[in-house]
Amino acid sequence: MTSRTQNKAQRLVSELRSNDAAQNIIAAALDQSLSDFETDLRTLNPDMVIHTAGPYQGQDYRVARACIDCGAHYIDLADGREFVEGFNQLNSEAKNRNVLLISGASTLPGLSSAVIDSMSGKFDAVSSIKISIAPTQQNPRGFGTIAAVMSYCGKPFKVLEQGQWMTRYGWQDLRVQNYPSLGRRLSGACDVPDLALIPNYVKGCETVTFHAALEAWWEQMGLWMMGWLTRVGIVKSWSKLTPTFHWISERLKSLGSDTGGMHVRLCGLDLNGKPKEITWYLTAKSNHGPEIPCSPALVLARKLVRGQISIRGAVPCLGLITMSDFADEVLPQFSLMDSYSLIKLIHIISASILFGTGIGTAFFMLRAHLSGNSEAMAVTTKSVVLADWIFTTPAVVIQAGTGLWLTLQMSIPLGSVWFITVVSLFVLIGICWIPVVRIQIRIRNIIANGGGLEDYQKLIRTWVTLGMIAFISILILFVLMVTKIGVGTNVFA
């Protein structure tokens, strides 16, 4: 474990050993800015180097070249666009030394490309990829992170949108992002490797965007205003104020939550040539967010140690890990999509209760009716009315509430054909169900009071008709829940 000074390295080693005394970790001083860096690295005789000393914006490939010289594999967590994009210039040198150098083994593009790979097989053509992250306010923000943020604040960079390379500016282009468990957050455009790499990685893709959504809206707006000051030429660069912003950031950590997230949305045509959209969400609670950027590097390091990666050269981290690799690394530590999965589970259970109770009570009502036994009909009708109050009524309320919440979390337009159809069917079911409950109560009373057969027969025919309409409507709702037909078509567009 290295740091720029021996004392800092030793403190970190001591902290790690306090969690696991069995770890065999040695502290060493290693500073890439010193003239004898290459000699110091060779003295350590590493098999592999994981380079985490950012910021990577404006950094050269000195560490990677030193690894080539001493025959060590190399992995970094670079998020600098130019750094990762130009990394393959070391490819021939790395191949000649039979080593593998990987740049960007982090959230971007390591994890983002794994997510894209996992979903792209469901598309015939992907036309748009939109990515965002939402860091938690309580995340420890290292000096390198703040320096990276300041390096492109208000600076121009190119983004592919609708097939054209457009100019965007750091922390401008404000958009609202919606995350499960986090809700809505304001986000700004950031200059990241994916903007340059993904258009070539996913052939035919015409839009690739990336935004970061800070938890504190006032921080987001502050960066947006700072960006404008750079754009109009009042402030040339904010990088010189990195120490000040780092000091302020550390003192504002307590003004937010411990939950962060990420989303990747793919749009295009499905395998049948129809419009399709899939969104992947990740939610990291309890300050597990900082573990996400480290995960791709850890996965790749373990694979290299086990001899599971045979390629050699210098490459960006595109398609080198799978979502299965990522899940194996992170799932033991935290849960994905906690609140969203819970609400979705409740929604599915309530739908099952609504459908199961309806079809079950209908079966027993018909059985009792066909038996011609007045005592059986009396007991059954009484039980059916009770079941509707205990099971059906709460399930209907839960269905409406959780369904609307899930719709908003998935950013499905309320004017879409899908949503309007779902609401219409839900209302139709309610129009049928309310009279059905009243009919059941009247049938119960008729049987209990020895009422006329003619009234009973009329009520039971109406009950069957309304029940069939509601039953067919529920089946259509299940189909819409699974297929999401009409989500991409807006009635008011």
Scan the range 430-454 residue by residue and report those that are part of a helix (DSSP H, G or I), of a type in the set (Gly, Ala, Ser) and open to solvent by less than 60 Å² (accessible area, probe 1.4 Å). GLY430
Check PRO46, PRO55 and return the single one that is more than 29 Å from SER310 (Cβ to Cβ), open to solvent by less than 60 Å² (accessible area, probe 1.4 Å) and not β-branched (Val, Ile, Thr). PRO55
Which residue pairs have Cβ atoms closer than 6 Å, lie 6 or more positions apart in sequence or on different chains, and pair a first residue in the range 120-135 that is among the aromatic types (Phe, Trp, Tyr) with a second residue that is surrounded by 17 or more Cβ atoms within 10 Å (Cβ to Cβ)? PHE123/GLY268
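Would you check which residues across the range 153-170 are of a type outside the set (A, V, I, L, M), open to solvent by less than 30 Å² (accessible area, probe 1.4 Å) and either assigned to a strand (DSSP E or B) or under 23 Å from SER113 (Cα atoms) (or both) and list them? Reasoning before the result, please.
Looking only at the range 153-170, we keep the residues that are of a type outside the set (A, V, I, L, M), and these are 153-158, 161-165, 167-170.
Subset that is open to solvent by less than 30 Å² (accessible area, probe 1.4 Å): 153-154, 157, 170.
Residues satisfying the conditions are CYS153, PHE157, GLY170.
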Mind checking which residues of the range 249-283 are among the small types (Gly, Ala, Ser) and either over 19 Å from SER113 (Cα atoms) or open to solvent by 70 Å² or more (accessible area, probe 1.4 Å) (or both)? SER249, SER254, GLY256, SER257, GLY260, GLY273
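Give, as residue ranges, the helices (runs of 4 or more DSSP H) completely inside the range 1-99 that count at least 1 residues that are closer than 24 Å to THR145 by Cβ and out of contact with any Ser or Thr (no Cβ under 8 Å at 6 or more places or on another chain). I'd like the intermediate steps shown before the answer.
Numbers: elements: 6-19, 37-44, 62-69, 81-85, 91-96.
Qualifying helices (runs of 4 or more DSSP H): 6-19, 37-44, 62-69, 81-85.
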Which pairs have Cβ atoms under 7 Å, sit 6 or more apart or on different chains, and link a residue in the range 166-177 that is farther than 13 Å from LEU214 by Cβ to one that is in a loop (DSSP other than H, G, I, E, B)? TYR169/GLY154; TYR169/LYS155; GLY170/TYR152; GLY170/GLY154; GLY170/LYS155; GLY170/CYS190; GLY170/ASP191
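Given the structure, is GLY289 touching a residue at least 24 places away in the same chain (Cβ under 8 Å), assigned to a strand (DSSP E or B) and open to solvent by less than 30 Å² (accessible area, probe 1.4 Å)? Full working, then the answer.
Values: touching a residue at least 24 places away in the same chain (Cβ under 8 Å): yes; assigned to a strand (DSSP E or B): no; open to solvent by less than 30 Å² (accessible area, probe 1.4 Å): yes.
Judged against the criteria, GLY289 is not a match.
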Give me the pairs, please: first residue somewhere in the range 203-224 and farther than 18 Å from ASP191 by Cα and buried (at least 18 other Cβ atoms within 10 Å of the Cβ), second residue anywhere and modelled with pLDDT under 90 and of a type in the set (S, T, N, Q), beta-carbon distance under 7 Å, and either six or more positions apart or on two chains. GLU215/THR136; GLU215/GLN137; GLU215/SER257
Tally, over the range 400-454, of residues that are modelled with pLDDT under 80 and of a type in the set (Ser, Thr, Tyr): 1
Given the conditions (1) assigned to a helix (DSSP H, G or I); (2) at pLDDT 90 or above; (3) hydroxyl-bearing (Ser, Thr, Tyr); (4) open to solvent by 20 Å² or more (accessible area, probe 1.4 Å), which single one is not true for SER237? (1)
Hey, GLU93 hits all of (1) of a type outside the set (Ser, Thr, Tyr); (2) crowded, with 21+ Cβ neighbours inside 10 Å; (3) within 26 Å of PRO46 (Cα to Cα) but one; which does it fall short on? (2)
Top-ranked residue of the range 201-234 - restricted to ones that are assigned to a loop (DSSP other than H, G, I, E, B) and not aliphatic (A, V, I, L, M), ranked as nearest to GLY163 (Cα to Cα): GLU206
Of all residues in the range 455-480, how many are under 30 Å from LYS274 (Cβ atoms) and either outside any helix (DSSP H, G or I) or open to solvent by less than 60 Å² (accessible area, probe 1.4 Å) (or both)? 5
Within the bounds of the range 180-200, is there any residue that is within 25 Å of GLY319 (Cβ to Cβ), open to solvent by less than 20 Å² (accessible area, probe 1.4 Å), assigned to a strand (DSSP E or B) and of a type in the set (S, T, N, Q)? no
Of the residues in the range 292-311 that are among the β-branched types (Val, Ile, Thr), farther than 19 Å from GLY260 by Cβ and assigned to a helix (DSSP H, G or I), the one that is least open to solvent (accessible area, probe 1.4 Å) is VAL299
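Determine which member of the set ALA27, ALA78 is over 22 Å from LEU195 (Cβ atoms), open to solvent by less than 60 Å² (accessible area, probe 1.4 Å) and aliphatic (A, V, I, L, M).
Details: ALA78 fails: over 22 Å from LEU195 (Cβ atoms).
After applying the criteria, what remains is ALA27.
The values are calculated or read from the model by the stated rules, or taken from the named source; none is laboratory data. Predicted model, so just to flag it, every value in this text is computed and none were measured. Neighbour counts are summed over all protein chains in view; Cβ atoms, including those assigned to glycine, are modelled from backbone coordinates with ideal geometry. What goes into the accessible areas is simple: the full protein's heavy atoms, side chains included, and nothing from ligands, DNA or RNA. Shrake-Rupley method; radii C 1.70, N 1.55, O 1.52, S 1.80 Å.
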